[in-house]
Amino acid sequence: MVSTADIPPGCVVAYRGADGSRAWLITTADEPRWCPPGFRLRDVLAVGGVDRVSDQPPGPHREVDLVAPVDDDTEIWAAGVTYEASRRARMEESEQAADVYAAVYDADRPELFFKSIGWRARGGGEPIGIRADSTWDVPEPELAVVCDAAGSIVGVTIGNDVSSRSIEGENPLYLPQAKMFHGACAVGPWIRLVRPGDRLTDLGIDVEIRRAGTVVWSGHTSTARLHRPLEDLVGFLFRGEVYPHGVILSTGTSAVPGPDVTLEPGDEVVIDIHSIGRLHNAVRRGLPDQRR
Ligand code: DO4
Ligand code: MG
């Protein structure tokens with residue numbers, strides 16, 4: 001549980017309502033605005049929707065149980081090989097196709113892939129997953145941009161593009177299996193709305209893997225190392241499809257553990273992005289009991 005008083009102003013926050021369904025609030029410098037039942041992220045991401053978020057009724061601070069800041073049908077896409085560290089790591093791990101990563105890093109067209117539909121995404125405090133048939137699993141801490149229906153970046157959040165490096169390394173055509181599986185996508189802890197003049201090109205990103213209370217791996221990077229402008233990544237996403245309810249695009253990783261580091265069940269992944277907050281998730285392996 002988190003107190004709304006501890007959430008920065010200007011954030012769109014999804015929480016578990018009294019009946020278990022997703023509810024929304026908007027933080028301000030004063031009391032939060034509590035959105036009425038039926039409010040959805042798509043109301044914020046409609047063209048001009050951001051200008052209307054503060055119309056919601058104010059109410060006192062209280063504790064909330066966070067969930068992923070998405071609607072059930074929000075599409076979450078991801079970009080790949082957008083940082084030199086990712087290009088290098090993929091070339092090293094790839095058994096037979098190192099060249100494709102070098103080529104895409106330098107190409108005009110970026111790598112973009114569908115990552116998750118909203119209802120599958122995990123929020124802060126919810127477990128992320130690793131596959132039972134994978135031997136090398138990593139978190140991918142990424143700045144995720146939240147775009148409105150017109151393709152403007154109206155918010156930012158933290159994405160964890162949890163990935164199987166062993167499956168991707170075997171053959172890049174296995175990318176969907178390496179990237180889309182139970183618990184592979186976390187976003188949150190909330191969406192920070194972007195204000196005029198905000199610089200998204202110099203945000204520090206820190207990540208830790210904790211095991212039994214000890215940090216077994218940590219990484220630090222910055223969006224200053226991103227090889228492409230964020231607007232270009234969004235532009236390519238909107239070249240081929242319309243997103244009438246908005247879309248989230250995770251912009252690639254640059255904090256990449258080496259081959260000696262793999263996630264294990266019970267680990268905790270903690271990602272901090274400057275000016276957004278912290279996304280913290282425990283790791284589980286495999287499918288829920290009924291689907292083993
Ligand atoms: O090409 C594979 C995916 C790369 C990726 O997810 C990243 O660079 O973050
Ligand atoms: Mg990634």
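For the reader, a short list of remarks on this structure follows.
- All of T135, T201 fail the test of being closer than 22 Å to F238 by Cβ, over 13 Å from the mean Cα position of the chain (by Cα) and touching a residue at least 24 places away in the same chain (Cβ under 8 Å), apart from T201.
- Residue in region 69-86 that is nearest to Y105 (Cα to Cα), counting only those that are among the polar types (S, T, N, Q) and within 9 Å of ligand 1 (Cβ to nearest atom): T82
- Criterion applied to V242, V270 was being surrounded by fewer than 16 Cβ atoms within 10 Å (Cβ to Cβ) and either away from ligand 1 (no atom under 15 Å from the Cβ) or assigned to a loop (DSSP other than H, G, I, E, B) (or both), and the one residue passing it is V242.
For every residue, the table says whether it meets (1) at pLDDT below 95; (2) within 16 Å of ligand 2 (Cβ to nearest atom).
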residue: L237; (1), (2): no, yes
residue: G240; (1), (2): no, no
residue: G246; (1), (2): no, no
residue: I276; (1), (2): no, no
residue: R285; (1), (2): no, no
residue: P288; (1), (2): yes, no
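- Test: residue in region 214-227 that is surrounded by 13 or more Cβ atoms within 10 Å (Cβ to Cβ) and within 15 Å of the chain's Cα centre (by Cα): yes
- Whichever residue in region 152-205 is assigned to a strand (DSSP E or B) and within 13 Å of ligand 1 (Cβ to nearest atom) and, among such residues, is farthest from R16 (Cα to Cα): S164
Residues checked against (1) of a type in the set (F, W, Y); (2) in contact with a helix residue (DSSP H, G or I) (Cβ under 6 Å, 6 or more places away or on another chain); (3) under 24 Å from Y101 (Cβ atoms); (4) not in a strand (DSSP E or B):
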| site | (1), (2), (3), (4) |
| --- | --- |
| T221 | no, no, yes, no |
| V234 | no, no, yes, yes |
| T253 | no, yes, yes, yes |
| T262 | no, no, yes, yes |
| S275 | no, no, no, yes |
| V283 | no, no, no, no |
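- Scanning region 95-131 for residues that are assigned to a loop (DSSP other than H, G, I, E, B) and either within 15 Å of ligand 2 (Cβ to nearest atom) or at pLDDT 95 or above (or both) turns up A107, D108, R109, P110, A121, G123, G124, G125, E126, P127, R131.
- Any hit, region 66-85, residues being part of a loop (DSSP other than H, G, I, E, B), out of contact with any Gly (no Cβ under 7 Å at 6 or more places or on another chain) and farther than 22 Å from G235 by Cα: no
- In region 11-33, the qualifying residues are those that are within 19 Å of A68 (Cβ to Cβ) and small (G, A, S), and the one that is surrounded by the most Cβ atoms within 10 Å (Cβ to Cβ) is A14.
- There is no residue in region 53-64 that is surrounded by 19 or more Cβ atoms within 10 Å (Cβ to Cβ), assigned to a loop (DSSP other than H, G, I, E, B) and either touching a residue at least 40 places away in the same chain (Cβ under 8 Å) or away from ligand 2 (no atom under 16 Å from the Cβ) (or both).
- Of all residues in region 1-39, those that are of a type outside the set (S, T, Y) and in contact (Cβ under 8 Å) with a residue 60 or more places away in the chain total 9.
- Just so you know, in region 140-151 the residues that are away from ligand 1 (no atom under 12 Å from the Cβ) and not in a strand (DSSP E or B) include one that is farthest from the chain's Cα centre (by Cα), and it is A150.
- Of all residues in region 163-201 being among the β-branched types (V, I, T) and within 16 Å of ligand 2 (Cβ to nearest atom), the one that is farthest from L45 (Cα to Cα): I167
- Here R228 clears all of (1) within 15 Å of ligand 2 (Cβ to nearest atom); (2) basic (K, R); (3) part of a strand (DSSP E or B) except the condition numbered (3).
- Flag if L200 is out of contact with any strand residue (DSSP E or B) (no Cβ under 6 Å at 6 or more places or on another chain) and crowded, with 20+ Cβ neighbours inside 10 Å: no
The values are calculated or read from the model by the stated rules, or taken from the named source; none is laboratory data. Predicted, not measured: the structure shown is a model, and the values here were computed from it. Cβ: placed from backbone, ideal geometry, glycine included. Neighbour counts: every protein chain shown.
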